[in-house]
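Enquirer: So that we are looking at the same thing, I have put the structure below in structure tokens.
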Amino acid sequence: MNNNKNQFNIAIDEKVCYNCKHRIWAVAIGQGVRCGNDITNGFPKLIPGLRKTCGAFEANEEIKRKLYLKNPNQFLLENLSARIQFYFSPREKTIDEILNQLINLQDNREGRFETIRKIITSQQENSKLTEEQELELIDSKNLKIVITEVQELKKWMEK
């Protein structure tokens, strides 16, 4: 019997190919695990091992979410660029495009946040939110902070 239990026991904060957003899991179609950042002759290069890493490492969205769930207050300690990247990749976008995308994201989530706020208001001291609902409230607050900081940065740049 092959004991591979620990083979994929990779921590969520390890900067390895397994946690990278460029990883393409093509095992089911017989192509192995490939790197979407390293394309040679129109085909993604094979990753030599899931514990390998390179200079193009970027945590995938699921890993970012898990890290956020693990320590949501850490979000406030990171720089503005890292906090924007939590929501989307701002590469090659103007500050107006970034701000519009953040505001659209907030608008799209507002219905869920409003529902949670109503639960809290109606139940007052007896209210019990699920962990996911609590995290959504934290996320709502953090998103508003990011939007405010991007607006302030925009004003500063316009001066």
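Enquirer: Among the residues in region 45-59, are any modelled with pLDDT of 80 or more, touching a helix residue (DSSP H, G or I) at 6+ places or on another chain (Cβ under 8 Å), of a type in the set (G, A, S) and not in a strand (DSSP E or B)?
Expert: For region 45-59, residues modelled with pLDDT of 80 or more, touching a helix residue (DSSP H, G or I) at 6+ places or on another chain (Cβ under 8 Å), of a type in the set (G, A, S) and not in a strand (DSSP E or B): present.
Enquirer: Please verify whether L67 is at pLDDT below 75 and either surrounded by fewer than 14 Cβ atoms within 10 Å (Cβ to Cβ) or of a type in the set (S, T, N, Q) (or both), treating the condition exactly as stated. I'd like the intermediate steps shown before the answer.
Expert: Values: at pLDDT below 75: yes; either surrounded by fewer than 14 Cβ atoms within 10 Å (Cβ to Cβ) or of a type in the set (S, T, N, Q) (or both): no.
So L67 fails the test.
Enquirer: Can you tell me which residues in region 15-26 are out of contact with any Pro (no Cβ under 9 Å at 6 or more places or on another chain) and surrounded by fewer than 16 Cβ atoms within 10 Å (Cβ to Cβ)? If you could, list the steps in order and put the result at the bottom.
Expert: At the first step, the residues of region 15-26 found to be out of contact with any Pro (no Cβ under 9 Å at 6 or more places or on another chain) are 15-16, 18-21, 23, 25.
Those that are out of contact with any Pro (no Cβ under 9 Å at 6 or more places or on another chain) and surrounded by fewer than 16 Cβ atoms within 10 Å (Cβ to Cβ): K15, W25.
Enquirer: Going through region 81-111 one residue at a time, which ones are assigned to a helix (DSSP H, G or I) and of a type in the set (D, E)?
Expert: Going residue by residue through region 81-111, those that are assigned to a helix (DSSP H, G or I) are 81-87, 95-111.
Passing the criteria: D96, E97, D107, E110.
Enquirer: Taking region 93-113 as the search range and keeping residues that are of a type in the set (D, E) and farther than 14 Å from K141 by Cβ, which one is modelled with the lowest pLDDT? If you could, list the steps in order and put the result at the bottom.
Expert: Residues of region 93-113 that are of a type in the set (D, E), as a first pass: 96-97, 107, 110.
If we keep only those that are farther than 14 Å from K141 by Cβ as well, we get 96-97, 107.
Working: D96: 88, E97: 88, D107: 84.
So, considering only residues that are of a type in the set (D, E) and farther than 14 Å from K141 by Cβ, the one modelled with the lowest pLDDT is D107.
The values are calculated or read from the model by the stated rules, or taken from the named source; none is laboratory data. The structure presented is a predicted model; accordingly, all values stated were derived computationally and were not measured. Positions of Cβ are generated from backbone atoms using ideal geometry, with glycine treated the same way; all protein chains shown enter the neighbour counts.
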